[in-house]
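See structure below.
FYI, it's all coordinate maths here, none of it is from the lab. Remember, predicted model here, so these are calculated numbers, not experimental data. Backbone-built Cβ (ideal geometry, glycine too); neighbour counts: all protein chains shown.
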Amino acid sequence: MSTGNIKKVLFKPFLSILFLIPMFSVFIGAAEGGPCKDYGECDDFKYSLNDFESLQRGAATYINYCYGCHSLKYSRWGRVAKDLKIPEDIFFENLVFDKSIKPGDLMTGSMPAEESAKWFGVAPPDLTLVSRYKGDDWIYSYLRAYYEDSSKQYGVNNLVYPGTAMPNVLLTLQGNQRLVCKDVPIIARNGGQKRDENGVTITEEKCGFLEVENGTGKLSKEEFDSLIYDLTNFLVYVGEPVKATRERIGWYVVFYFLIFTALSSLLYREFHKDYNKHQGKL
């Protein structure tokens, strides 16, 4: 076998391994965000699956405000309590209102699909995997993008999902949010702000900005954003309960490939030296 052929045989696996490393990094850290329609770019969301206090608050918010309509039928009550480090007796006493439910039961919800379809026009979907197919950025933006719209059945609409059939169940917490118009600077071709001959910034009126009426909600903007963060964080966990473990193990796998590649390269050098030495004796 020639030296060139040996190189091909030994280095093809190495190249394959090196090609896989960026793919692993994508699987480890990717959080797919969906388009946010009239809202523009989705707000950036960084989940924290090791923040158990956030996950616990998110679970409480979901069960109190969302679970009445939206099931989590691929999750089990006991598993959620265990993963979120909530003692089972405390979890069932405070967050499970049907005392006939057992820890191994699925979180199937209680709203009949046929009746809910009549009430809302469409049956509320199960949200176990919503973070997987919509993206956490999309959820975080959607839950904060409701606004007053008297032309709609429930008096609200949503910039991220126009025409949504879901009422704003968090209205009392957020307050009455409206679309307003504002004067904004006109941007010049060079990226700066246009100014007149006196140096005053030239503005134009643009509409479509979200603004909450003062005093209409129980929470401040910061408190409400924090509540939505916790809720979205919980939905990210529900979509893949082992996500934090997968990401942690994934880095070990990448590290293993790097070490394996380095050791294999050293082995190749030694093999190549022996091969050349043997060829010289022939």
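Here are the numbers:
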item: Residues with amide H under 5 Å from that of GLN193, placed H, sequence gap 5 or more; result: ALA188
item: Cβ-derived FRET efficiency at R0 41 Å, ARG132 paired with LEU267, nearest 0.05; result: 0.50
item: All Cα pairs of the chain, percent lying beyond 24 Å; result: 65 percent
item: Relative contact order of the chain, pairs being alpha-carbon contacts under 8 Å that are 6 or more residues apart, as %; result: 24 percent
item: Separation between Cα centres of the range 33-79 and the range 205-282, rounded to whole Å; result: 20 Å
item: Rounded FRET efficiency, nearest 0.05, which uses the C-beta distance separating TYR154 from SER110 and R0 of 22 Å; result: 0.60
item: Under-5 Å amide H pairs with TYR146, H placed in peptide plane, nonlocal only; result: none
item: Order of CYS69, CYS207, CYS181 under a 10 Å beta carbon neighbour criterion, fewest first; result: CYS207, CYS181, CYS69
item: Unpaired by the 4.7 Å Cβ criterion, cysteines found in the chain; result: CYS66, CYS69
item: In sequence order, calculated HN-Hα J values of the range 172-181 (Karplus, 6.51, -1.76, 1.60; Hz; x Gly/Pro); result: 5, 7, 7, x, 7, 9, 10, 8, 10, 9
item: HIS70, HIS278, HIS272 arranged by Cβ crowding within 10 Å, fewest neighbours leading; result: HIS278, HIS272, HIS70
item: Neighbour-count order for TRP251, TRP77, fewest beta carbons within 10 angstrom listed first; result: TRP251, TRP77
item: Listed residue pairs exceeding 18 Å between alpha carbons, taken from LYS82/LYS243; LYS82/LYS102; LYS73/LYS118; LYS152/LYS218; LYS134/LYS243; result: LYS73/LYS118; LYS152/LYS218
item: Rg followed by Dmax, in Å, when the range 92-147 is reduced to its Cα trace; result: 14.8, 39
